[in-house]
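Have a look at the structure below before the remarks.
No value in this document is a laboratory result; all are computed from the given coordinates. Small disclaimer: the values here were computed from a predicted structure and weren't measured.
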Amino acid sequence: MPKQALEPHFINGDEGKAFYSDLNFDLLGKVAEQVTGEPLEDLYNKYIFKPLNLESTYLSKNDSRFIPIHIGKELVHRPMTISSQGASGAIISNSTDLMKFLKAFFHGELFSPTHITNVTWNKIQYFPLQYGMGMMRVKMSRLMSPFFPAPEILGHSGSSGSFAFYCPSRDLYIVGTMNQTEKNPFQLIYQMLDCVD
């Protein structure tokens, strides 16, 4: 197979630019394993799962106990794919544990809150999402959302339709999943925010 030359999206270090890639999370997981000499599963248990009392959260190992994911109406059974993802997405959890994690994250129970209060936000390829310190930020102007307010939300969403976001202006946490890769969770998130306005 001939070697292909890939064009960069931008020059590394260009201010305000980022390109989302799960590979970055996987590399970070490998760095953590190399530095500590411990497997990723032990690190998650030691520093996150046990301290936060996450009773239904674990690192997947070719396991099919999770709720199936859909692409449109088609069921996607992919336990081996999820298991191979490592630090970029092999964690299986439920909404109760995800809510515990999200609150602990923003309350500084995992690391110093200064890591998330002084974030430089970078534009990524999925407008209006921005990225910084491993978090997504959605911040829409009134022009982009003329019919209902769309306050800033911070957190992350996944390819399976899962989401965990915090709305600072309302001090509100929202977690859940659609188990659907074709639907964007942000419309649902903003509808829920609108309900508690």
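Figures for the structure shown
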item: Amide H contacts under 5 Å for Met136, placed H, 5+ residues apart; result: Gly155, His156
item: Greater than 21 Å apart at Cα, pairs in Lys73/Lys139; Lys17/Lys139; Lys30/Lys103; Lys73/Lys123; Lys50/Lys100; result: Lys73/Lys139; Lys30/Lys103; Lys73/Lys123
item: Under 14 Å from Lys183, Cα to Cα: aspartates and glutamates that are on another chain or at least 8 residues apart; result: Glu74
